[in-house]
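Read the structure below first, then the notes.
Bear in mind these aren't lab numbers, they're just calculated from the coordinates by the rules spelled out. Everything numeric here is computed off the predicted structure, so don't read it as measured data. Cβ placement follows ideal geometry from the backbone for every residue including glycine, while neighbour counts extend to all protein chains displayed.
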Amino acid sequence: MSSLSVIPELGLPHIHSGKVRDLFDAGQGRLLMVASDRLSAFDVVMNEAVPNKGRVLTAMSAFWFGELSEIIGNHLISTSLDSLPPSAQLPELAGRIMLCRRAEMLPIECIVRGFVAGSAWKEYSQNGTVHSMAVPAGLAEAARLDEPMFTPSTKAAVGDHDENISFDAAVELIGGDLAEQARSLSLQMYSLAAAKAEAAGFFLADTKFELGLIADSNGKKNLVVADEVLTPDSSRFWLMEDWHPGSTPQGFDKQPVRDFLETLTWNKTPPPPALPPAVVQATADRYQQAYEQICGLRFEDWPGVTGAIPTV
């Protein structure tokens, strides 16, 4: 399978290159988001790309934008190459693009946690709290919380790390009304997605939502969900059959890469070490498996996909 690390010239003004996506000005209040196959681990972009990773992220986001539409609007206009100017209708971009409405993004990450995992477990094991909030004593690693928790963070500058903030701090940043809306909508989205994931045999341990404001035809600004949503890059999915409180199950993301890197003496700063082909392929397979099993769709039916592994 081929992969795409560098986005070619599209004849559109380039705005920004992130770790995975490139943003372009599509005119008329629109943005073009192109998902590459770039992979980062420990905040360092690897030299190797993961085949079709960008397509999985785009496909899953498109799926979940539709599923969440009963709760909240979104910024997506189209995922079709036909919606782009001729100069940008490149075959290698099929299945990787999202033409979107520009949104005034909130300066916070809207994180919802349903299980004590990752940084939440680290904090709990040290202090007995999650996001500086009291939770029951005696919880094991990866234990399920009684109720999902809204745990916002700041949006750090490139190269820095996001910082957890209290809900009161979020109110100071965006105002009480917006903060209340963001919390309520994030918890509703998590609950809907978690139920759908469980129906497919997965737990949604935690996830990050990006919310922004878009004006309607009357000029009223409404909160929408934007960027990517409920992908392996923004969420922690576990197979239910692998879940046993006391240890964290392997996630359906770049965990094979992290596991390999942890066997090395690398100091987690550039330049990154080379990744073995088997590790890259194992990562590609997990991304595809997440899409097919969680969304219930065949990846080979998504635009641009060639050489996809058989449906699980």
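Per residue, the chain reaches -8500 deg cm²/dmol at 222 nm when only DSSP H runs of four or more residues are counted, each adding -39500 (n - 2.57).
Over 29 Å between Cα atoms, which of 155/254; 220/254; 53/268 qualify? Don't skip to the end; give the middle numbers.
On the way: 155/254 22 Å; 220/254 40 Å; 53/268 22 Å.
From the list (155/254; 220/254; 53/268), the Cα-Cα distance tops 29 Å for 220/254.
Of the residues 114, 74, 85, the one whose Cα sits farthest toward the positive end of the charge dipole of the chain, with +1 on the Cβ of Lys and Arg and -1 on the Cβ of Asp and Glu, is 85. Dipole orientation for the chain: of the candidates 56, 247, 190, 56 has the Cα lying most toward the positive pole (charges on Cβ; Lys, Arg +1; Asp, Glu -1).
For the chain, a crude dipole built from +1 on the beta carbon of Lys and Arg and -1 on the beta carbon of Asp and Glu, taken about the Cα centre, is about 340 debye to the nearest 20.
By average Cβ neighbour count within 10 Å, what is the ranking of 222-234, 4-16 from highest down?
Per-residue Cβ counts within 10 Å, averaged per peptide and sorted highest first, yield 222-234, 4-16.
Peptide packing for 136-147, 20-31 was compared via the average number of neighbouring C-beta atoms within 10 Å per residue; ordered from the highest value, the list is 20-31, 136-147. About the centre of its Cα atoms, the stretch 1-153 shows a dipole size close to 120 debye [charges on the beta carbon of Lys, Arg (+1) and Asp, Glu (-1) only; nearest 20 debye]. Per-residue extension of 0.36 nm, minus the Cα-Cα distance of residue 265 and residue 300, leaves a gain of 8.8 nm for this segment. A Cα-only calculation for the stretch 1-128 places Rg and Dmax at 17.0, 56 Å. Each Lys and Arg contributes +1 and each Asp and Glu -1, all at the Cβ; summed about the Cα centre of the stretch 104-242, the dipole is approximately 200 debye. Modelled label positions at residue 89 and residue 67, each set 7 Å beyond Cα in the direction of Cβ, lie 3.2 nm from each other. Sorting 256-267, 293-304, 39-50 by average packing, meaning the other beta carbons within 10 Å per residue, from highest down gives 39-50, 293-304, 256-267. In this structure, residue 171 and residue 222 have a Cβ-Cβ separation that, at R0 = 25 Å, corresponds to a calculated FRET efficiency of about 0.80.
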